[in-house]
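First the structure, in the form of structure tokens, and then the observations on it.
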Amino acid sequence: MTALSNTQEVCKHVIETPGGVVAAQNRLAAEAGAEALRAGGDAVDAAVATSFTIGVLEPWMSGPAGGGGAVHWRADTGEAVAINFGMRSPKGLNVADYPLSGEGKAGDLFPWERVVADRNVEGATAIAVPGTVDGIGQAHGRWGRMPWSDLLAPAIAHAREGMLVDWYAALLIASTARNLAKDADAAAMFLDDGKWPKASGWTAIPDNRLDQSAMADMLDTLAKGGPRAFYAGDIAQGMAGDVQAKGGCLTTEDLAGYRAWMGRAQAVPYRDALFHVMPGLTAGPTFARVMGQLSDLDLSAPLQAYPAYARALSRAYAERLGTMGDTGEVPEAPGCTTHFSIVDRAGNMVAHTQTLLSIFGSRVVSPSTGLLMNNGIMWFDPEQGKPNSLAPDKSCLMNVCPLVGSQGARSFAIGASGGRKIVSAVAQLASFVTDRGMDIGEAFHAPRIDVSGGAGAIADDSLPQEVLSAIAEVMPVQTTRRTVSPYAFACPAGVLRDDAVNSGCTEIMSPWGDAALEEIR
């Protein structure tokens with residue numbers, strides 16, 4: 001039984017426009033991207049502005065000290081390009097520093113064997129080499145129109161002011177306050193008296209802000225020096241020095257040697273549609289496996305569609321987890337990733353996912369940069385002898401699944417946050433649009449299921465009983481309500497272009513997520 005209201009309805013209104021649209025998990029970050037479009041920028045310019053601004057305004061989700069991946073669609077050339085800016089393990093990492101504890105499974109996002117003192121999950125020993133800045137920097141270098149410094153200006157302004165701690169921010173800080181208190185710099189940024197979570201207060205108008213002045217200074221240096229200034233000079237020296245002082249092994253050599261991968265996106269033909277996803281060590285190949293199983297089935301009605309989704313996702317995840325060497329159950333844990341999707345007036349698109357991995361990453365703040373650091377080492381299996389086993393100077397296997405697709409006169413960019421729940425969401429949303437002809441608003445409001453490697457399916461309790469019964473014939477099914485917190489399903493953001501008309505939507509339960517428009521006057 002639940003105490004949640006049976007009469008409350010939540011929806012997001014979708015507006016169509018001939019101008020560009022930015023759909024992001026934070027409205028102010030989406031507005032920063034839309035402002036770049038208004039100034040004559042490309043979708044990539046909007047992506048730069050959105051990426052850095054959301055790193056300030058959702059610092060526990062992503063930021064310059066994280067990683068991720070993106071798919072770019074270029075309308076003029078018909079080219080789909082993937083950029084993998086995933087995190088890497090430091091060259092000086094010693095596997096012996098991560099001994100297995102023998103205490104069973106770890107309690108965060110992955111069911112790896114637990115490491116002594118959770119050294120791969122939390123603290124400076126969990127920090128990997130970040131890639132976000134180089135990834136977005138390479139995109140800007142290839143397609144950007146506006147000056148780099150102009151695009152970082154909104155993020156710098158927000159950092160100077162400090163992120164406002166409203167009820168939602170206070171809730172997220174409170175969820176990890178005990179862990180943040182272990183790091184003096186994280187405690188100073190997010191907690192009061194180094195102990196209590198910063199609260200928005202009981203008044204309707206919050207007035208509490210984070211001190212992000214160090215981040216503002218770092219961003220100012222990065223704006224003047226360009227993307228590679230993050231990987232050399234004062235920023236790199238300060239960041240590496242901070243991590244080493246706290247017991248990690250990140251070095252300036254690791255940072256200087258980092259390069260994101262850019263290349264052709266993986267094409268996934270599907271009926272009369274074509275999807276483009278990330279290749280390699282991402283969830284793109286898993287998405288392709290799901291859609292390959294669905295391509296010959298009738299998915300026009302929910303009664304047939306949802307059991308097919310459950311079966312295809314289960315099979316695809318079994319293959320993925322087998323490749324990863326993972327045979328355990330999936331623990332419930334908060335995700336920390338963010339996703340935004342962009343379309344400009346010319347039809348160029350960006351589907352961009354960036355992450356710190358866990359919520360608040362390693363729960364360590366670099367004082368010289370003001371950045372929350374990632375815990376990318378947790379992406380590796382600490383047991384040796386497996387394809388994804390922890391090792392020095394190694395790329396990690398990511399769950400990100402940014403997607404750009406087209407069908408007839410319609411094209412779209414979709415992605416999500418939510419760890420291993422991402423593939424389920426992206427596959428269903430892609431099917432809603434292409435198999436059932438939904439627009440972006442209809443797709444995002446439609447109920448979904450999640451099948452991400454566990455023993456059964458989690459289903460939205462708004463699905464009809466006959467559909468739930470059909471899923472139960474495929475696998476065990478539990479139902480749950482779609483809520484603000486915690487998210488039982490992934491948190492998507494997407495844009496759609498129908499001829500020359502653009503629209504966008506975000507997860508309907510996200511209190512911050514929104515689509516911002518480029519007004520055409």
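Pro90 versus (1) closer than 20 Å to Thr369 by Cα; (2) under 15 Å from the mean Cα position of the chain (by Cα): which is the lone unmet condition?
Only one criterion is unmet by Pro90, namely (2).
Scan the range 394-401 and tell me whether some residue there is part of a loop (DSSP other than H, G, I, E, B), crowded, with 22+ Cβ neighbours inside 10 Å and on the phi > 0 side of the Ramachandran plot.
So far as the range 394-401 goes, no, none of its residues is part of a loop (DSSP other than H, G, I, E, B), crowded, with 22+ Cβ neighbours inside 10 Å and on the phi > 0 side of the Ramachandran plot.
Taking the options Gly69, Gly104, name whichever one is surrounded by fewer than 24 Cβ atoms within 10 Å (Cβ to Cβ) and part of a strand (DSSP E or B). Walk me through how you get there before you give the answer.
On the way: Gly69 fails: surrounded by fewer than 24 Cβ atoms within 10 Å (Cβ to Cβ).
Only one candidate qualifies: Gly104.
I'd like the residue in the range 277-306 that is polar (S, T, N, Q) and out of contact with any strand residue (DSSP E or B) (no Cβ under 6 Å at 6 or more places or on another chain) and, out of all such residues, is surrounded by the fewest Cβ atoms within 10 Å (Cβ to Cβ).
Looking only at the range 277-306, we keep the residues that are polar (S, T, N, Q), and these are 282, 286, 293, 295, 300, 304.
Still in the running and out of contact with any strand residue (DSSP E or B) (no Cβ under 6 Å at 6 or more places or on another chain): 286, 293, 300, 304.
On the way: Thr286: 25, Gln293: 17, Ser300: 11, Gln304: 14.
Only one residue tops the list, namely Ser300.
For (1) of a type outside the set (A, V, I, L, M, F, W, C); (2) assigned to a loop (DSSP other than H, G, I, E, B); (3) under 15 Å from the mean Cα position of the chain (by Cα), each residue gets a yes or a no:
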position: Phe360; (1), (2), (3): no, yes, yes
position: Arg363; (1), (2), (3): yes, yes, no
position: Glu383; (1), (2), (3): yes, yes, no
position: Pro387; (1), (2), (3): yes, yes, no
position: Ala413; (1), (2), (3): no, no, yes
position: Ser424; (1), (2), (3): yes, no, yes
position: Ala427; (1), (2), (3): no, no, no
position: Met438; (1), (2), (3): no, yes, no
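Of the residues that sit in the range 85-101 and are touching a residue at least 24 places away in the same chain (Cβ under 8 Å) and among the hydrophobic types (A, V, I, L, M, F, W, C), which one is surrounded by the most Cβ atoms within 10 Å (Cβ to Cβ)? Write out each step before concluding.
Looking only at the range 85-101, we keep the residues that are touching a residue at least 24 places away in the same chain (Cβ under 8 Å), and these are 85-95, 97-98, 100.
Now drop any that are not among the hydrophobic types (A, V, I, L, M, F, W, C), which leaves 85, 87, 93, 95, 100.
Values: Phe85: 29, Met87: 27, Leu93: 24, Val95: 14, Leu100: 13.
Among those that are touching a residue at least 24 places away in the same chain (Cβ under 8 Å) and among the hydrophobic types (A, V, I, L, M, F, W, C), it is Phe85.
Scan the range 258-267 and give yes if some residue there is surrounded by 17 or more Cβ atoms within 10 Å (Cβ to Cβ), among the hydroxyl-bearing types (Ser, Thr, Tyr) and assigned to a helix (DSSP H, G or I), otherwise no.
no
Of all the residues that make up the range 306-334, how many are at pLDDT below 50 and over 17 Å from Met398 (Cβ atoms)?
Of all residues in the range 306-334, those at pLDDT below 50 come to 324-334.
Okay, now just the ones that are also over 17 Å from Met398 (Cβ atoms), so 327-329, 331-332, 334.
Final tally of qualifying residues: 6.
I'd like the full set of residues that are among the hydroxyl-bearing types (Ser, Thr, Tyr) and free of Cβ contacts under 8 Å to residues at least 12 places away in the same chain, limited to the range 448-490. Before the answer, list the steps.
Step one: of the range 448-490, the residues among the hydroxyl-bearing types (Ser, Thr, Tyr) are 452, 462, 469, 479-480, 483, 485, 487.
Within the range 448-490, Ser469 is the sole residue that qualifies.
Among the residues of the range 216-237, is any under 26 Å from Ser89 (Cα atoms), surrounded by fewer than 15 Cβ atoms within 10 Å (Cβ to Cβ) and aliphatic (A, V, I, L, M)?
Checked against the condition, which is being under 26 Å from Ser89 (Cα atoms), surrounded by fewer than 15 Cβ atoms within 10 Å (Cβ to Cβ) and aliphatic (A, V, I, L, M), the range 216-237 yields at least one hit.
The values are calculated or read from the model by the stated rules, or taken from the named source; none is laboratory data. This is a predicted model, so every value here is computed, not measured. Every residue, glycine among them, receives a Cβ derived from its backbone with ideal geometry; neighbour counts consider all protein chains shown.
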